[in-house]
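All remarks here apply to the structure that follows.
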Amino acid sequence: MNKKQTIFITSLTVAVVFFLSVLVGTTITSVNHQTEQSCFTVLAETSKRLAKELKAIADADRTILTAMAAIISSMDDPSDAQLRKILNAYRFESTYISYTKILRPDNTMLDANGTVRDVSDTFCFADEAGAGTYLSSLRQSTLDPNESVLHHAIPVIKDRKPIYILYGVISISEFSEKYKADIYDGQAYVFLQDGDTGDFFLDTWHEDIGNIEDYANRKLQPGYSWDRAFHDLKSGEGGTLAFTSMTINNVVFMRYDPTGINNWNVVVVIPKDVALYESNVVTHRLYRMAALIGTVMLLYMACVTYCLVRAYHQVYKLGNEDQTTGLQNRNAYEKYFTDVQNYMFPSLSCVYVDVNGLHEANNKYGHNYGDEMLRFVADALKDAFLYKQIFRVGGDEFVVFTEDAGAEECAEKMEDIAKRMESHDYSIAYGISHRDNELGIDRITQEADALMLENKRRHYSEHGRRESDNLFTSRETHSGS
């Protein structure tokens, strides 16, 4: 097979694999999209049904409480015992009311057990009478400060004037325990949310209720918006969301719809895997078909790809790795310099290192000895700093950049490295520069280089340039002994 045939067969194989991949991928995407839309349709129907059920229960509660108020209104100056009897006459097993109580004009509260409490610091009869019939937002219980409640208030009217306020109290903790929604085989979760405040007062998923704003940091699937959802919930409009749950670490679908009660919304959440269970069977078959087709083609392409990747890495390694020390070379340094030219470093340290006496070592003992010295320095730097931060930029020069260590920490590391060098009769000169909020690496590198040169000049001023020869002679004497 000649070169042209090889190229043709390879090109044809790639084209076929690409075409089949696109075909299968498009089919899977289409099926998933259609199924997801169908899922949201069913989810919307479920959410709206739950909203109607909640509205019906709230209306039933109002009817019962209104009947109780009418009975009280028909009584002439009822005693506390008579009022208590009315409060205990009804059972709310089929609703979510936990207990009832009566606010009197003197701002005292009569409980169903006969207790009379002064609640003037919480309730004002005149204000409550003016509010008329209402279902409240989340409140703190006057019986237990750790309990949150909802109040279904019905004024008791006699001779066109309110004489009492009758309350049906919904305990939030009991509400979550009582509420049952027979949907998705118990694998979906229901929330009841106040669109005005964002607060939840029903949450069948979590132990602690919260606020819709708590979910703003959840990662959304493409095409969805928290801002849009928050607007809908405040405006009493229905909508959908898909996001990653932090509780199960998986994607969930959410549907929200107004209940017709105040500005409350019912929210239904279901894991994506549960919602798309039926479609997953079809999707898995398509994936298996794609895998079968792709495997045959990919086995052939695997060897070609392996060879190309291996060749690429070898070329990249030769072009960006120093063959003597294994560190990044000058080419890699130049690329890094260009890449970060417009990058603002919050904190950056640069260490410029020069190996003293390398030239003399090469002249006296040959390049193998000098390479050994360079490798020793490189290994010491790699032990102290990350590989990706170290470059060999010249014959005897190394540059280290670090965003994690300040000047003092770099100085401590370099002092340890210098001592390690001295223990092997090697010597280095180095300069350290640190800057905060630095743009690029040009200026900090120049500063470190200048400090290194000053260090090197001071070294030779103190020890003279012949010191290296003396050190090498000393090493030669030690090795000979």
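Counting heavy atoms of the protein chains only and a 1.4 Å probe, report the per residue accessible area for segment 91-207 as a whole number of Å². It would help to have the intermediate numbers written out before the result.
Values: 5560 Å² over 117 residues.
Heavy-atom SASA per residue in segment 91-207 reads 48 Å².
Note down the relative contact order for the chain as a percent, whole number, built from C-alpha pairs under 8 angstrom at least six residues apart. Please report the intermediate quantities before stating the final value.
Working: 682 pairs, mean separation 54.5, N = 481.
It comes to 11 percent, rounded to a whole number.
Helix hunt in the chain: which complete DSSP H runs extend at least 30 Å axially by C-alpha with mean Kyte-Doolittle at least 0.5? Don't skip to the end; give the middle numbers.
Working: long enough: 3-74 (104 Å, 0.59); 277-320 (53 Å, 0.48); 442-463 (31 Å, -1.52).
Span-like helices here: 3-74.
Going from most exposed to least, what order do ARG255, ARG160 have by accessible area with a 1.4 Å probe? Walk me through the numbers before you get to the answer.
Working: ARG255 30, ARG160 225 Å².
Order by accessible area, largest first: ARG160, ARG255.
Divide by every residue of the chain the summed helix terms, -39500 (n - 2.57) for each DSSP H run of at least 4, and state the resulting mean residue ellipticity at 222 nm, rounded to the nearest 500 deg cm²/dmol. Mind dumping the intermediate values first?
Working: 13 runs with 240 residues, N = 481.
It lands at -17000 deg cm²/dmol.
Where Lys and Arg each count +1 and Asp and Glu each count -1, what net charge lies around GLY168 among other residues with Cβ under 15 Å from its Cβ? Each step should come with its number before you reach the end.
Details: positive: ARG62, ARG91, LYS101, ARG139, LYS178; negative: ASP59, ASP61, GLU93, ASP111, GLU128, GLU174.
So the surrounding residues net to -1.
State the answer as a single residue: which of VAL190, LEU150, TYR179 lies farthest towards the positive end of the charge dipole of segment 130-200, with beta carbon charges of +1 for Lys and Arg and -1 for Asp and Glu, about the Cα centre.
Result: LEU150, furthest along the dipole toward the positive end.
Please work out the C-alpha center-to-center distance from segment 138-196 to segment 318-355 and express it in whole Å.
65
Roughly how compact is the chain, stated as its Cα Rg over 2.2 N^0.38 Å to two decimals? It would help to have the intermediate numbers written out before the result.
On the way: Rg = 38.9 Å, N = 481, 2.2 N^0.38 = 23.0 Å.
After normalising by residue count via 2.2 N^0.38 Å, the value is 1.69.
Counting only the heavy atoms of the protein chains, how much of ARG330 is accessible to a 1.4 Å probe, in Å² to the nearest 10?
Roll a 1.4 Å probe over it and ARG330 shows about 100 Å².
Just tell me which lysines come within less than 18 Å, Cα to Cα, of LYS180; anything on the same chain fewer than 8 places away is out.
Correct list for LYS180: LYS48, LYS52, LYS55.
Starting at the first residue of segment 122-132, write each ³J(HN,Hα) from the Karplus equation 6.51 cos²θ - 1.76 cosθ + 1.60 with θ = phi - 60°, in whole Hz, x for Gly and Pro.
Computed from phi, the couplings for segment 122-132 are 10, 10, 10, 4, 4, 5, 5, 5, x, 6, x Hz.
Give, as a single signed number, the net charge of other residues whose beta carbon lies under 11 Å from the beta carbon of GLU147, with Lys and Arg counted +1 and Asp and Glu -1.
That works out to -1.
Please list, or write none, the lysines whose alpha carbon is within less than 19 Å of the alpha carbon of LYS419, excluding same-chain residues fewer than 8 places away.
LYS382, LYS456
Along the positive direction of the dipole of segment 1-158 (beta-carbon charges: Lys, Arg +1; Asp, Glu -1; about the Cα centre), which of SER73, ASN88, VAL42 reaches farthest?
Comparing the listed Cα positions along the dipole, VAL42 ranks first.
Using mean Cβ contacts within 10 Å as the protection proxy, how do 221-228, 190-197, 126-133 order, highest first? Spell out each step's value before the answer.
Numbers: 221-228: 11.2, 190-197: 20.1, 126-133: 13.1.
Those peptides, ordered most packed to least, come out 190-197, 126-133, 221-228.
Which entries of LYS161/LYS234; LYS364/LYS413; LYS219/LYS317 show an alpha-carbon separation above 32 angstrom in the structure shown?
Working: LYS161/LYS234 35 Å; LYS364/LYS413 30 Å; LYS219/LYS317 38 Å.
LYS161/LYS234; LYS219/LYS317, as the Cα separations exceed 32 Å there.
Using the Cα centre of the chain as the reference point, and only Cβ charges (+1 on K/R, -1 on D/E), how large is the resulting charge dipole? Debye, rounded to the nearest 20.
Details: 47 positive and 67 negative charges, 412 e Å.
Computed charge dipole of the chain: roughly 1980 debye.
Grab the beta carbon distance between GLU409 and LYS382, set R0 = 25 Å, and tell me the FRET efficiency rounded to 0.05. Before the final figure, lay out the partial values.
Details: r = 17 Å, r/R0 = 0.66.
Step by step, r from the Cβ atoms, then E = 0.90.
With Cβ to Cβ distances under 14 Å as the rule, what net charge do the other residues near ASN249 carry (K, R +1; D, E -1)? Could the numbers behind the result be given before it?
On the way: positive: ARG218, LYS219, LYS272; negative: ASP273.
Net charge in that neighbourhood comes out at +2.
Could you sort THR402, THR27 by accessible area so the largest value comes first, with the probe set to 1.4 Å?
Numbers: THR402 5, THR27 55 Å².
Largest accessible area first, the list is THR27, THR402.
Per residue, how much accessible area does segment 336-424 have with a 1.4 Å probe, in Å²?
Numbers: 4320 Å² over 89 residues.
On a per-residue basis, segment 336-424 sits at 49 Å².
The values are calculated or read from the model by the stated rules, or taken from the named source; none is laboratory data. Only a predicted model underlies this, so the values are computations on that prediction, with no experimental measurement involved. Reconstructed Cβ throughout: ideal geometry from the backbone, glycine too, with neighbour counts over all protein chains shown. With ligands, DNA and RNA removed, areas are computed over all heavy atoms of the protein, side chains included. Shrake-Rupley method; radii C 1.70, N 1.55, O 1.52, S 1.80 Å.
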